[in-house]
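Colleague: One structure, pasted below without further comment.
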Amino acid sequence: MTPAPAILYPAHNLRPVYRLHYDWTGWPTEGAALPPDIVAVARATAGAWEGDGLRLLTSHADAGKVQLLFSVTPTVSPVFFCMRVKGRLQYALRKAGVPVAFSRKVAFRCLGENTTPAVENYIRGQVG
């Protein structure tokens, strides 16, 4: 009997790459403005988001809105994503001494390359 081949890629040393991007936009409550250093606070929060499966890629803000683009793992649901981004950012702002009350209005977008052929191939692979 031939011995089984050795495992070349054990799970403990793999770092999978995902092309799943989620974008979050948040607005302050009416009559309020975001602090000018909100992008710096977001970047400082990146380590906490990493533990949640969210990697901050880019950020943009002005007085009226903040937009954050993340690369996420497949286990991150849109609801969890929105909850964690807002919660951690709000906590970090409060800790930095510039608390912000975000509006309940939020924008979530999933960005990718969902071309017609890609979607058709995916569907074709799902049916027998």
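Colleague: Among the residues of the stretch 19-30 satisfying the criterion of being assigned to a loop (DSSP other than H, G, I, E, B) and at pLDDT 85 or above, which is most open to solvent (accessible area, probe 1.4 Å)? Outline the logic, then answer.
Modeller: Filtering the stretch 19-30 for residues assigned to a loop (DSSP other than H, G, I, E, B) gives 19-20, 29-30.
With at pLDDT 85 or above added as a condition, the list becomes 20, 29-30.
On the way: 20: 45, 29: 51, 30: 188 Å².
Among those residues, the one meeting the criterion is 30.
Conditions (1) acidic (Asp, Glu); (2) touching a helix residue (DSSP H, G or I) at 6+ places or on another chain (Cβ under 9 Å); (3) closer than 14 Å to residue 24 by Cα, marked per residue:
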position	(1), (2), (3)
65	no, no, yes
78	no, no, yes
92	no, yes, no
103	no, no, yes
110	no, yes, yes
118	no, no, no
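Colleague: How many of the residues in the stretch 34-71 are over 20 Å from residue 98 (Cα atoms) and in contact with a Phe, Trp or Tyr (Cβ under 7 Å, 6 or more places away or on another chain)?
Modeller: The total comes to 6.
Colleague: Show me the strands (runs of 3 or more DSSP E) found entirely inside the stretch 31-128 where at least 2 residues are of a type in the set (Ser, Thr, Tyr). Lay out the reasoning, then the answer.
Modeller: On the way: elements: 54-61, 66-72, 102-111.
Strands (runs of 3 or more DSSP E) meeting the threshold: 54-61.
Colleague: Next question, about the same structure. Name the residues in the stretch 62-82 that are open to solvent by 50 Å² or more (accessible area, probe 1.4 Å), over 11 Å from residue 52 (Cα atoms) and among the hydrophobic types (A, V, I, L, M, F, W, C), would you?
Modeller: Once the filter is applied, which keeps residues that are open to solvent by 50 Å² or more (accessible area, probe 1.4 Å), over 11 Å from residue 52 (Cα atoms) and among the hydrophobic types (A, V, I, L, M, F, W, C), the stretch 62-82 yields 63, 79.
Colleague: Answer with yes or no whether residue 53 is free of Cβ contacts under 8 Å to residues at least 24 places away in the same chain and open to solvent by less than 30 Å² (accessible area, probe 1.4 Å). Write out each step before concluding.
Modeller: Working: free of Cβ contacts under 8 Å to residues at least 24 places away in the same chain: yes; open to solvent by less than 30 Å² (accessible area, probe 1.4 Å): yes.
Answer is yes for this residue.
Colleague: Inspect the stretch 8-18 for any residue being open to solvent by 30 Å² or more (accessible area, probe 1.4 Å) and in a strand (DSSP E or B) and give the result as yes or no.
Modeller: First, pick out the residues of the stretch 8-18 that are open to solvent by 30 Å² or more (accessible area, probe 1.4 Å): 8-18.
From the residues that got through so far, the ones that are in a strand (DSSP E or B) too are none.
No, the stretch 8-18 contains no residue that is open to solvent by 30 Å² or more (accessible area, probe 1.4 Å) and in a strand (DSSP E or B).
The values are calculated or read from the model by the stated rules, or taken from the named source; none is laboratory data. Being a predicted model, the structure only gives us computed values, none of them experimental. Positions of Cβ are backbone-derived with ideal geometry, glycine not excepted, and every protein chain shown enters the neighbour counts. Please note that ligands, DNA and RNA were not included when accessible areas were found on the heavy atoms of the full protein model with its side chains. Shrake-Rupley method; radii C 1.70, N 1.55, O 1.52, S 1.80 Å.
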